[in-house]
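Structure record follows, encoded as structure tokens.
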Amino acid sequence: EMMREHMDTPEILEAKIQRLHEMVRQSKRVVVFTGAGISTSAGIPDFRGPMGVWTRKAQGQAPIAGTSTVKALPTKTHMGIVELHRHGILQYVISQNCDGLHRRSGLPASAISELHGNSNIEVCEDCGRRFFRDFKAVRRDHTFDHFTGRFCLCNGRLLESTIDFGQNLPRIPLSRAVEESEKADLHIVFGSSLTVSPACDMPSTTVENGGKLVIVNLQKTPLTRQATFQIHAPTDVVMESLMLRLGIPIPNFRLQRRIIFGVDGDEVFAKAVDVHAPDRETGVLCAVDWDGTAKEIPESQRAQAIWKSLAHRHPMANIDISDLHPTLHFVGHYQEPPLTLDISLTASDNDVLIAFDPSDGLWEVIAMLPVTPDASIAENVDRDCDYGASHREYVISKRREQGARDPAKQVDEEFLKARQRAERFADEEARDRARNRACAILRNHKKIEKLISESRQTAVGSALVTKETSSAGVDPRFGSKVPFNRKGEMQFTKVPTSEHRASMTNHVSSCKHDGCRSVWTGPWGSFIGGACGGTHFDLTECPQGKQANQVIGWNYDNPAC
């Protein structure tokens, strides 16, 4: 019963939203709690819905490949939350989500507790410094150790900040979440099953302190009985209707970036900073071309360029600081192009706010202001000094559960070996990157050719291929699918005809949808998808692109079929 989704009738839904509107208008301190359900309309699967990650795993099925979190667009619910906070109606947000969409939507870091971490943030194991990245921080190895293979300015290991089951939640965000829940007179839950503790205890805290609770979720939750009422409807539908009643338009998402340009000694510099806190540097700039000589960084190397340099510097010799035209280069998750600005640093440093609209592909300069001496932006480092020690204790506890005789010693040795491997990789990286990439491409190409060849021979030998087989060697029963045996299980490689390939190529060359970047070749064949298609699936959700994929046999629920 808890897994079954319910949907309120239109009449009941209207009455509930009107009641929620009245409660919001009457409340003095509103807190919102969000779960994975607010990101499903962005193409990111939830966990416990009918097609959720954990639901499908429990059924023995592979999770559905969704949109990459770094390419997903914030939803109407995300943008509504931003506006409610901007208008002073919403005081705080508590989230279980790790996808980073709240921060990307424009919500200030000071207004949210991300209890389960943020996949765009790395934390130094030693000094606790937090680094915001415009890429997904992932572990170097598939172990309990969260080490990403990168190092802090202090040479400490950088750890990805998302939380495992059994790992303690970050102390400061948790304390703030409890404090805000205690003070709230209205707690609204959007898109959470409220089953993961201790995060799910926050709404109960509000009720225990005399506040009211409203839940917006398709499934019933363990706190449904504590709620004043529950709305069974998609979160975007509820948010749009609520904002309409409040008379506050929900803005379209625009990606905002803030860049500080200045002079330091005999160099000019540009550094990206937090939109809401200019004293905190962020990793979103790949490169800055000061004099028109820099080459554009290949897409595969942009993430590395971000963490290699937070401040992009250039000698002042041979450039005129009164008439600078720096070109900013970004990662391009939303296909944002380079942007050239007109800057003068003669009188002062410049603080520039820009915004990119994914719907039209254009940048806009929102503000360009001088940085006055009395308002100079000194670095205020964002730190979580507890995280490194807490992480170490978590890994030790896991090794103890596995029966290690001296778990602390074993973990310290593991951390040291991981550091040494990462340091060796960094030293050899520049020399070996091109060679390794070329070798990998060649191996994949040969492997795919071999699989296709073997599958055709097997099909002929078992009389699967009849006289109707086309000249391209494709069994007409499977359309553009070629069967092959993979790990003892019959699967299919999708092989487009020349007409399919031409149609797909033509589509991606003209489509502005963020998912239709190119035609990629993965383990199960060619498809229209994102930049990571060669290594894992990132199928487009563009209707025309999706149709082109399905024509050659793509099953979005199971690529192996």
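The values are calculated or read from the model by the stated rules, or taken from the named source; none is laboratory data. For clarity, every value in this text was computed on a predicted model and none was experimentally measured. Heads up, the Cβs are rebuilt from the backbone with ideal geometry, glycines too, and the neighbour counts pull from every protein chain shown. All accessible areas refer to the heavy atoms of the entire protein, side chains included, with ligands and DNA or RNA removed. Shrake-Rupley method; radii C 1.70, N 1.55, O 1.52, S 1.80 Å.
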Part-to-part distance (alpha-carbon centres) for the stretch 283-330 and the stretch 198-259, which is given in Å: 41
Heavy atoms of Y334 accessible to a 1.4 Å probe, total area in Å² rounded to 10: 10
Simple spin-label estimate for Q256 and S359 in nanometres, 7 Å along Cα-Cβ: 1.8
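Using a Förster radius of 35 Å, what is the FRET efficiency between S175 and E299 based on their Cβ-Cβ separation? Nearest 0.05, please. Kindly include the intermediate steps, with their values, before the conclusion.
Details: r = 40 Å, r/R0 = 1.15.
Step by step, r from the Cβ atoms, then E = 0.30.
Considering only Cα-Cα distances, which of the following residue pairs are longer than 27 Å: K76/K481; K76/K546; K28/K271; K71/K295?
Numbers: K76/K481 38 Å; K76/K546 23 Å; K28/K271 39 Å; K71/K295 24 Å.
Going by Cα-Cα distance, K76/K481; K28/K271 fall outside the 27 Å limit.
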At a probe size of 1.4 Å, how large is the accessible area of K183, to the nearest 10 Å²? 100
What figure in square angstrom, to the nearest 10, would you give for the accessible area of D323 with a 1.4 Å probe? 90
Once the other residues with Cβ under 10 Å from the Cβ of V93 are scored (Lys, Arg +1; Asp, Glu -1), what is the net sum? -2
If I319, I188 are ordered by their accessible area, calculated over protein heavy atoms with a 1.4 Å probe, which sequence runs from highest to lowest? I319, I188
Once the dipole of the stretch 287-364 is set up from charges on Cβ (+1 Lys and Arg, -1 Asp and Glu), the residue from the list F356, I343, H333 lying farthest towards its positive end is H333
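Residue separation times 0.36 nm, minus the C-alpha to C-alpha distance between R313 and T497: what's the value? Let's see the in-between values first.
Working: separation 184, 0.36 × 184 = 66.24 nm, distance 4.93 nm.
Computed gain between R313 and T497 is 61.3 nm.
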Modelling each spin label as a point 7 Å along the Cα-to-Cβ direction, I'd like the R4/Q402 distance in nm, to one decimal. 4.2
